[in-house]
Every structure is written in C-alpha cells, then in structure tokens.
Protein chains: 2
Amino acid sequence: MQDSTERLFQAHEFAARAGVTIRTLHHYDRLGLLKPARRTAAGYRLYGARDFARLQQIVTLKFIGLSLKQIKELLDGREFDLATTLRLQRWLLSEQRRRLDLALAAIERAERLTAEHGAPDWDAFKQIVEVITMSDMDWTKKYYSAEAQARIAERAATIPREVVEQGQRDWAALIKECEAAVAESVDPASERAQGLAARWAELLKGFTGGDPAIQEGLNKLYADKANWPASMPKFFSDEVQAFICQAAAVRKNRQE
Amino acid sequence: MQDSTERLFQAHEFAARAGVTIRTLHHYDRLGLLKPARRTAAGYRLYGARDFARLQQIVTLKFIGLSLKQIKELLDGREFDLATTLRLQRWLLSEQRRRLDLALAAIERAERLTAEHGAPDWDAFKQIVEVITMSDMDWTKKYYSAEAQARIAERAATIPREVVEQGQRDWAALIKECEAAVAESVDPASERAQGLAARWAELLKGFTGGDPAIQEGLNKLYADKANWPASMPKFFSDEVQAFICQAAAVRKNRQE
DNA sequence: GATAAGGTCTGACGCAACGTCAGGCTCAAG
DNA sequence: CTTGAGCCTGACGTTGCGTCAGACCTTATC
C-alpha cells in the first residue's frame, strides 16, 4: 500500500513547509491528531505526503475556529458530520463578530468622549458599555423576568466552552435525528417525536443550567415559534423548528 | 475618610449585583485587582460602594478586550495612559474582526460547495482557506522575500500574546515620547531622535524575532514611508510616522 | 577518532481566567 | 444543638502550544 520510496521529511522541514512549529507537531502527535508516518531508529519523526494532507486539513479547520478535539473527531470520522458542524461554527463566529463590533463601538465612542472632554471620562465610558450590553439583551426581555435575565447574563459568559463545545456533538446528533424524522413525516405526537422532544428539553435544561425561571422563558418561546428572535441560533431548518415546537407542545399538554 | 455606616455587601449579593461569580471575586482578590473593603472576623469578604465602582471599571475594560494585567496597571495608574491603550486595542480588535470575517467567508463558501457537490469537498475547502490567507498576506509580498514570508507566517500566530500584549506598554511609552519630540520640533538627526529611533528598531527586532530576512523587509519599509500598507498598525499619528522614518534614515546612513 | 555545533527527543512547568471539587469553618434557623 | 446553606482556602483542570532542561543523535571538522 505504502510506497516505500516515498520521500519522507524530518520534523524541521515538514514544519516549515506547513507553516507550523515543531512543537506543534509534537503536540499533535501526543494528542493522536497527527502521527508521523515513520520514526528513525533513533526515534526521530518522519512525515510523508499523507501526513502533509492531514496537517493541512487540521490547519484549515483550526482556521475556522474548531478545537483540536473537534478536529480529531471530524477527521477520525466517528459520527460527526461536517455540514452541521459548519452551520454551528458559522453561528458561533457570527456571534463573536457581533460582540467584537460592540466592543469596537464602545472604544470609538469612548475615544470621542475623551477627545472632547480633554480627559478620560469614566462614567461616560461605563455607561456606553452598559447601554451596549443592554441592547444586546433586547429580545430576552420579551420572554424572561428580570431575575432570570440577570442569571442568564451571569451564565452567558461561562457558556462558550462548557456547553457549546462540549455539547455540540449532542446537538448535532439530535438535530440530525430530527431532520430524519421530518423527512419521514413522523407525527409530532408519536412516541418517537416525543422522545426527541424530551431529549431536546434535556439539552436545553443543560443550557439553562437547570434554572426554573429561565426554563419558564423557554416555554414561552416554544409557545409562539413565529417569534423566535433573530439572534437565536439557527443551525436547523424551519421544518425542524416547526416539528420540535409541535412535539414540545404535545408534550407539555400531556404533562399538565 | 471612610463612612463607617456605609452599607457593605457579602460576596453573594455583591457578585449578583455586578453580574459576576463569586469565584471571579476570589480570583481578582488574589490578583490584587479588587480587594474587599473589609473582612469579617471569620474572614468573609465584605464589599462597599467603591469596590462596586472599581469592579464596574474592570468589567468595562474586560469587555473591550483588555487583559487583567493591563486592567490592573491602568487602574493602579502607573504610567499607563488610557488614550494610547484605547488606540492600540481598537487596532487589535479590528484585526480580530478581519480574521473572523475571513473565517466566516471560508465557511460560507465551503457550505455552498458542499451543497452543490452533494458531499463535502475537502480540496476545495482547503483551497478556499489558502486563497484567503494568501490575500491576507498581499502587502507583505512587496517587501519580503519568499522565505521571510514563510517565517512571518510562522511567527504571526505566536505574536498576539507574546509581543502585542507584553510589549504594549513599551510601544505606548515610546510612541508618547515620539509625540513629545514631534511637538517640540526635535531634529530627526539629533541625539535624542536617534535614541528614539534606536529604541524603535529594538522593539521591531523583538517583533520580528531577530530574523534578519524580516528586518531587511522592514528597512525597505522605512525607505518609502508613503507606501506603508493600510493593514499596518496605525496607533500613532502621521507626524510621528514621518519623524521616526527620517530619524531611521539618518541612523541607517550613519551606520553604513 | 575525538570534538564541537546543531538538531531531536521526552518530560515538566508556564500562561489566562477562571470552573470545579474537596475539606474545613461559620452562621442563621428550627 | 443540630442541620443546612454559604463562605473560606488550596489544588487541579481547561486550551494550545512556548519554553526550558537534560540527554541523545548526526554531521562536519580537525
């Protein structure tokens, strides 16, 4: 299978060609993300063309913001699908960009105020950020009480790693199953749909940290699906959304 | 000085009001960033109104992307000026935003291609990122040789923390002195200007990692200041730029 | 063949900003 | 007085490598 005459590169040249450091190669090796094709008798790493291709995939996926763990699962191809991952990642990046824009706006206004006032104006600066972060919460007001909003804000900062990345696989898998169910025109009141709705609720519970006030808001969200805010994640199709809303409604009725 | 009747809050309520976790307060306490006004006999932290104001400043500065170390230096007020920091930070954030846009564009194109092709197209995906990162390097081609570009790319990823944040204070201080020199119409050939140019070169050397090929490119950059690329940092005025260019030119002549 | 220079190897610790136990106090209510 | 809830202080985990440190390998030179 392997061409025994294939040219192999030592770490130094290989790393230079790929634009990464040797230490990075060591790191990927230990993670099992990229193992060299061979080792010399002395233990030196030797990389081949296939390694190069894989490293380029790694670099590409890293460029769009995936973690090394995600990249490993993707490239090892175990039940992780690229399309859904890309949709999720696109949403994550767009969120980051929105927050960056807010920060930039805050800085620019603070600079203007400082220039006008002659000296840095802390109160104004603080207010700017407050206003900006308030406007960031606009849509939550429709659905959440004041205390729930505070707790959401508290959790919001801790979410990125904890849930989004750790649970990304769970969401991706669940959404995929929902899509399948939609494709098969499964009845939202059926056993299968109810199971999906239950898992969906479970994931949301993890997302909300089990806070009852927040879950109350989510129930309201379910109630009028037409009003799902634009800033909510949209990594699933409208059909899936409608399906899960109906199933959740049925589920709620039965529980009452 | 202190109002002995001032209302003090315990960690739990204080944290909730400020929208941070208790653990964050512990962290800031250990860093010396925010010490509680008092402690009870049992060691419980008690925070006052001034602590609240300071915490809000911290949160604000964190929102615009400053590190805790930078925030501490700013709030402790030792030779760190807000105006320059804001300019530097604005540039940093705009750079981040540019890279985010590139990643988003890559994802969107990859999604389109995947949809058209039916299956994920790794080669196309890889190419997209390559093209994007290439266009990212456009201006460097004018000044750097091929090998130097490779090394720049290699270093580019390692720079954010290492130089920008660590050396930010040095740059800010130097730029400030240059502005003063410009304001006093100091002769670029004078002893003082030459000292500034030497320090400038020293910082750049740190920035380039002492790579001679990269420094060669920087010399070319000095030569025709009119051609400074738009993507280069612009946290100093045109006057400072002209001043440092002239001083560097004089310095170069003398060294030859 | 010895030696010096330079590249490689494997740990192990460092960094940013906290989260998350774990074990031990403290405090208010019943 | 007990119980539960909240606070305290370490100490380790996280992410993606950088940066030594000590030991080994290879190559060129004398």
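Quick look at the numbers
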read-out	value
Residue in segment A:21-39 that is under 25 Å from B:Arg98 (Cβ atoms) and of a type outside the set (Lys, Arg) present	yes
Selection from segment A:1-36 of residues that are under 25 Å from A:Leu74 (Cβ atoms) and more than 12 Å from DNA strand C (Cβ to nearest atom)	A:Met1, A:Gln2, A:Arg17, A:Ala18, A:Gly19, A:Val20, A:Leu31, A:Gly32, A:Leu33, A:Leu34
Yes/no for A:Gln10 being among the polar types (S, T, N, Q) and more than 10 Å from chain B (Cβ to nearest Cβ)	yes
Meets criteria (more than 21 Å from A:Ala106 (Cβ to Cβ) and not hydroxyl-bearing (Ser, Thr, Tyr)) for B:Ala110	yes
Filtered residues of segment B:42-58 (kept if farther than 14 Å from B:Gln10 by Cβ and within 9 Å of DNA strand C (Cβ to nearest atom))	B:Ile58
All positions within segment B:9-33 that are at pLDDT 85 or above, aliphatic (A, V, I, L, M) and within 12 Å of DNA strand D (Cβ to nearest atom)	B:Ala11, B:Ala15, B:Ile22, B:Leu25
Residue in segment A:34-57 that is more than 10 Å from every other protein chain (Cβ to nearest Cβ), surrounded by 15 or more Cβ atoms within 10 Å (Cβ to Cβ), within 15 Å of DNA strand D (Cβ to nearest atom) and in a helix (DSSP H, G or I) present	yes
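The values are calculated or read from the model by the stated rules, or taken from the named source; none is laboratory data. Model, not experiment: these values are computed from the prediction. Cβ: placed from backbone, ideal geometry, glycine included. Neighbour counts: every protein chain shown.
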